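As structure tokens, the structure follows; a few thoughts come after it.
The values are calculated or read from the model by the stated rules, or taken from the named source; none is laboratory data. Treat the numbers as computed from the prediction; the structure is a model and nothing was measured. Here the Cβ is made from the backbone with ideal geometry for all residues, glycine too, and neighbour counts use every protein chain on show.
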Amino acid sequence: MVKSDSRDRERKRKQWVWIAAALAAIVVAIAVVWVPLGCQTKPCYCAQKYSGLVEDCCCDYETVDHLNLEVLHPLLQELVKTPFFRYFKVKLWCDCPFWPDDGMCSLRDCSVCECPQNEVPEPFKKQSSNTLSSDDLLCQDGNPQAVVDRTIDTKAFRGWAEVDNPWTYDNETDDGDMTYVDLQVNPERYTGYTGPSARRIWEAIYQENCPKYPDEEACPEKKILYKLISGVHSSVSIHIAADYLLDDATNLWGPNLTLMYNRVLKYPERVKNLYFTFLFVLRAVIKAKDYLEQADYNTGKPEEDIKTNSLIKQLLNNPRLQAACPLPFDEAKLWKSQSGPQLKDQIRKQFRNISALMDCVGCEKCRLWGKLQILGLGTALKILFSDNDSHDIGLTLQRNEVIALINLLNRLSESIKFIHEMGPAVEAVTHGQISAGSAEACRWKRFWSSLRLGRFTCLMVPWHRSCHQQKQGVGSWEL
């Protein structure tokens with residue numbers, strides 16, 4: 001009787017083993033069919049990580065991220081909210097010099113709220129006594145020198161200049177068509193401005209004015225303009241996606257992660273160009289340190305003006321920035337060849353054309369932020385690539401140029417912060433949406449790994465000797 005019971009138990013045990021083996025074979029077959037070939041041979045998706053030196057710059061990605069997060073971004077956020085930096089003078093209504101303006105945006109989010117006269121700081125309305133003609137600025141349009149000096153005349157500020165920037169198209173000294181805009185009331189965000197009109201602007205910029213040269217054919221000078229425009233373009237796209245109209249019916253705004261991935265994060269070059277542009281503009285601010293420290297930030301509000309001066313000094317004299325990234329970009333390496341002066345003049349003309357294209361933008365708010373950021377970039381170019389022979393005059397900047405420069409740096413800083421903090425999550429989530437089934441496939445990979453670890457065996461054959469060890473805590477039951 002005992003032997004009969006023993007034989008029955010042995011027979012049942014063998015039956016269970018065969019059943020378990022059959023089920024395991026079925027699971028393996030399903031896994032092989034369901035898991036895409038890409039997931040069989042490649043690890044599960046991992047978000048892009050940027051490391052090492054930023055190309056053509058003197059700081060690495062990790063340092064930029066930390067300095068921006070802990071030093072630059074907090075200071076810039078406060079600066080752009082002060083009365084001096086929040087009011088920008090701009091021509092909103094301009095005739096496009098290249099083609100008829102047939103793409104005006106009709107959405108309410110395209111419009112700009114202009115400042116009433118009583119809101120504009122009184123000192124902004126007064127004409128500066130320091131008016132210089134373009135002819136008085138030596139070598140601005142003449143024979144530029146090949147060697148760029150890193151220093152700026154330490155006598156610095158002589159009052160706000162009223163002279164046009166040779167790098168930009170707008171006549172900033174003509175107040176007749178200018179209006180003041182409160183940038184805090186008109187944030188850079190989604191406006192609905194899309195389609196042929198918007199595409200035509202970017203096509204004209206890239207195809208006609210800053211083409212992308214092959215790496216093996218281009219010298220650093222030729223690549224700079226493309227990288228700068230690409231960096232600003234990436235930042236604009238990030239701000240549009242970060243503040244997007246998700247539901248027009250309920251006026252629901254929020255981040256559009258898919259758009260951000262498809263426009264910027266999907267392309268590592270665009271992210272790298274954003275970091276490059278940030279360091280380029282930061283270098284211009286640092287180079288103009290003496291001028292900016294002595295500048296007049298008077299808006300008629302003493303307490304606010306004292307705060308503005310203090311924030312500027314904190315930005316320019318931060319010991320962490322000076323220690324970790326004292327020279328974000330080295331402009332002295334450029335324009336040293338025989339063709340340097342001609343190349344600089346060519347790039348200046350191309351950038352002027354790009355600034356003129358901002359008059360063709362068929363959306364008021366887009367035009368506002370396009371003009372501001374292009375003027376800010378033109379100011380950075382003016383500071384870094386000013387000619388040696390102009391030292392007897394020294395650096396001269398308009399009030400509007402400084403406002404644009406700091407606001408551009410803040411825009412880039414916000415974009416860098418968003419990529420650093422949210423980029424990996426955006427990439428991971430969006431990649432899962434774009435590659436349908438990839439997340440499921442990776443779960444099957446982990447399940448298949450569990451088979452090799454013997455966990456499935458323990459589920460089906462609990463009396464197996466390896467399962468006793470797992471129950472004691474040596475293994476894990478979670479897949």
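The single condition among (1) in a helix (DSSP H, G or I); (2) closer than 21 Å to residue 415 by Cβ; (3) free of Cβ contacts under 8 Å to residues at least 24 places away in the same chain that residue 246 does not satisfy is (1).
Considering only residues that are of a type in the set (A, V, I, L, M, F, W, C) and either farther than 21 Å from residue 405 by Cβ or under 18 Å from the mean Cα position of the chain (by Cα) (or both), which ones fall in segment 206-238?
As a first pass, look at segment 206-238 and keep what is of a type in the set (A, V, I, L, M, F, W, C): 210, 218-219, 224-225, 228-229, 232, 236, 238.
Of everything in segment 206-238, those that are of a type in the set (A, V, I, L, M, F, W, C) and either farther than 21 Å from residue 405 by Cβ or under 18 Å from the mean Cα position of the chain (by Cα) (or both) turn out to be 218, 219, 224, 225, 228, 229, 232, 236, 238.
Filtering 401, 427 for residues that are part of a helix (DSSP H, G or I) and modelled with pLDDT of 90 or more leaves a single hit, 401. Taking segment 272-333 as the region of interest, the helices (runs of 4 or more DSSP H) fully inside it that hold 3 or more residues being touching an Asp or Glu at 6+ places or on another chain (Cβ under 7 Å) are 302-316.
Looking at 319, 328, which one is surrounded by 21 or more Cβ atoms within 10 Å (Cβ to Cβ) and at pLDDT 90 or above? If you could, list the steps in order and put the result at the bottom.
Values: 319 fails: surrounded by 21 or more Cβ atoms within 10 Å (Cβ to Cβ).
That would be 328, the only listed residue that is surrounded by 21 or more Cβ atoms within 10 Å (Cβ to Cβ) and at pLDDT 90 or above.
Does residue 281 satisfy the criteria of being crowded, with 17+ Cβ neighbours inside 10 Å and under 20 Å from residue 57 (Cα atoms)? Answer is yes for this residue.
Based on what the data block shows, is residue 213 in the same structural domain as residue 96 (by TED's automatic domain parsing), of a type in the set (Ser, Thr, Tyr) and more than 30 Å from residue 254 (Cβ to Cβ)? Spell out how you get there, then give the answer.
On the way: in the same structural domain as residue 96 (by TED's automatic domain parsing): yes; of a type in the set (Ser, Thr, Tyr): yes; more than 30 Å from residue 254 (Cβ to Cβ): yes.
Yes, satisfied.
Checking each residue in segment 194-211 for being at pLDDT 85 or above and either part of a loop (DSSP other than H, G, I, E, B) or of a type in the set (S, T, N, Q) (or both) picks out only 207.
The C-beta contact set for segment 271-297 (first residue not assigned by TED's automatic domain parsing to the domain that holds residue 328, second residue surrounded by fewer than 22 Cβ atoms within 10 Å (Cβ to Cβ), distance under 8 angstrom, 6+ apart or interchain) is empty.
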